[in-house]
Protein chains: 2
Amino acid sequence: VLKKWRVLASKNVFRNRWVSIRQETCETHSGQIIDDYFIYENKDVVIIFALTTAQQIVLVRQYKHGAREIITEIPAGVLEENELPETGARRELLEETGYNASEFIQIATHLRSPSNSASRDLIFLAKDAFLAGPTAFDETENVETQLVSLEQLQQYLQAGEISDNGCVAACYRVLDYLKLLGQTEKPSEVA
Amino acid sequence: VLKKWRVLASKNVFRNRWVSIRQETCETHSGQIIDDYFIYENKDVVIIFALTTAQQIVLVRQYKHGAREIITEIPAGVLEENELPETGARRELLEETGYNASEFIQIATHLRSPSNSASRDLIFLAKDAFLAGPTAFDETENVETQLVSLEQLQQYLQAGEISDNGCVAACYRVLDYLKLLGQTEKPSEVA
């Protein structure tokens, strides 16, 4: 039988503006005591699959310093304190790409790293997206926008051109929700 | 034009058996100096989509203390120092489920959290998986194995029953690789 652990003690052991880590003493399912379980207190993230009226997806390319790589993904960013998820999704999409949308639908919630964090990805479909104005990202950010067709997006996923876990999961979940998966297989089967 | 950052200084600021964090001073694309960029030095993870000869997928259920939840996913675990990815994939599958397989094919590599870590998910398809013996997980682990059909797996994904980012991404990538996506839509369209 699976059982949750009991937390016997919890204290912050590292904290600054960007990082917060707790050390917990836990009693496991079997009664064993672990006194060095570390939890990353990371914030939730909104991730936005923006589909334009011309059926194109809004991608972003930017340098990610953890991976030391320039990567392609869909817009995403940290949800601010007390911000409604939909408000955060609209804000991040606007800031990174200048796009807005008539409707933001939350279609899934994923766990980012459940072994050591409660942080989640809140996945939004932004319907009928349209260019609303200039971008407004931080000075530390440098984002290029790219529009691709649904078929190109699926080719990017199949080729590993999009490789961020959260982005890959979000794209497939939204494509599945829209019943658009498996649509690109047919031409290659015929060829 | 997108540019990589330059690292001017890097030092470890928190380290123990489980966690390692570096603080870096960076010059960004625009020449701005940031002296408090934090990098989590997390290890790579192997994640295994094991498909039995009866076309069933091997799922695991276990408590994850970061999320405070019992979750369903495919087998996964940290790659050990100097361990070949395929060796790690076979070891994790055996330890968590008692299953082995005739062939392990690495079909994708995903980034786990590219903003603040270089850590990757190495995704394996284990073909013709079979029950080889008892499980052998740590005393702190408590894993239940469940076999599901390909159709059930897709229903779990669509319902958010499987919600770990890395697992969702891996399942869809392997289903896409096997050209099995979109197969479950047809019955409900007919009904």
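The values are calculated or read from the model by the stated rules, or taken from the named source; none is laboratory data. Here the structure is a predicted model, which is why all the values come from computation and not from measurement. Note that we place each Cβ from the backbone using ideal geometry, even for glycine, and neighbour counts take in every protein chain shown. The protein model used for the area step is the full one, side chains on, heavy atoms only, and it has no ligands, DNA or RNA in it. Shrake-Rupley method; radii C 1.70, N 1.55, O 1.52, S 1.80 Å.
Quick check, is B:I70 part of a strand (DSSP E or B), aliphatic (A, V, I, L, M) and buried (at least 22 other Cβ atoms within 10 Å of the Cβ)?
Judged against the criteria, B:I70 is not a match.
Of everything in the range A:28-54 that's within 11 Å of chain B (Cβ to nearest Cβ) and acidic (D, E), which residue is surrounded by the most Cβ atoms within 10 Å (Cβ to Cβ)?
Filtering the range A:28-54 for residues that are within 11 Å of chain B (Cβ to nearest Cβ) and acidic (D, E), the one surrounded by the most Cβ atoms within 10 Å (Cβ to Cβ) comes out as A:E41.
Checking the conditions here, which among B:P75, B:P114 is in contact with a helix residue (DSSP H, G or I) (Cβ under 6 Å, 6 or more places away or on another chain), within 18 Å of B:A169 (Cβ to Cβ) and at pLDDT 95 or above? Outline the logic, then answer.
Values: B:P114 fails: in contact with a helix residue (DSSP H, G or I) (Cβ under 6 Å, 6 or more places away or on another chain).
Result: B:P75 is the single residue among B:P75, B:P114 that is in contact with a helix residue (DSSP H, G or I) (Cβ under 6 Å, 6 or more places away or on another chain), within 18 Å of B:A169 (Cβ to Cβ) and at pLDDT 95 or above.
Count, please, the residues in the range A:126-143 that happen to be at pLDDT below 95 and touching an Asp or Glu at 6+ places or on another chain (Cβ under 9 Å).
Residues of the range A:126-143 at pLDDT below 95: A:133-143.
Then drop every residue that is not touching an Asp or Glu at 6+ places or on another chain (Cβ under 9 Å), which leaves A:135-138, A:141, A:143.
The total comes to 6.
If you go through the range A:1-26, how many residues are within 11 Å of chain B (Cβ to nearest Cβ), open to solvent by 60 Å² or more (accessible area, probe 1.4 Å) and over 14 Å from B:H65 (Cα atoms)?
Residues flagged as within 11 Å of chain B (Cβ to nearest Cβ), open to solvent by 60 Å² or more (accessible area, probe 1.4 Å) and over 14 Å from B:H65 (Cα atoms) within the range A:1-26 amount to 4.
Take the residues in the range B:95-106 that are under 16 Å from the mean Cα position of the chain (by Cα) and surrounded by fewer than 21 Cβ atoms within 10 Å (Cβ to Cβ), then tell me which one is modelled with the lowest pLDDT.
B:E95
Return the total of residues in the range B:29-52 being at pLDDT 95 or above, in contact with a Lys or Arg (Cβ under 9 Å, 6 or more places away or on another chain) and part of a loop (DSSP other than H, G, I, E, B).
Within the range B:29-52, residues that are at pLDDT 95 or above, in contact with a Lys or Arg (Cβ under 9 Å, 6 or more places away or on another chain) and part of a loop (DSSP other than H, G, I, E, B) number 3.
Run B:E81 past the list (1) acidic (D, E); (2) within 11 Å of chain A (Cβ to nearest Cβ); (3) surrounded by fewer than 20 Cβ atoms within 10 Å (Cβ to Cβ) and report the number of the one that doesn't hold.
(2) is the only condition that B:E81 fails.
What helices (runs of 4 or more DSSP H) completely inside the range A:144-190 contain at least 3 residues that are at pLDDT 95 or above and more than 11 Å from chain B (Cβ to nearest Cβ)?
Answer list for the range A:144-190: A:150-159.
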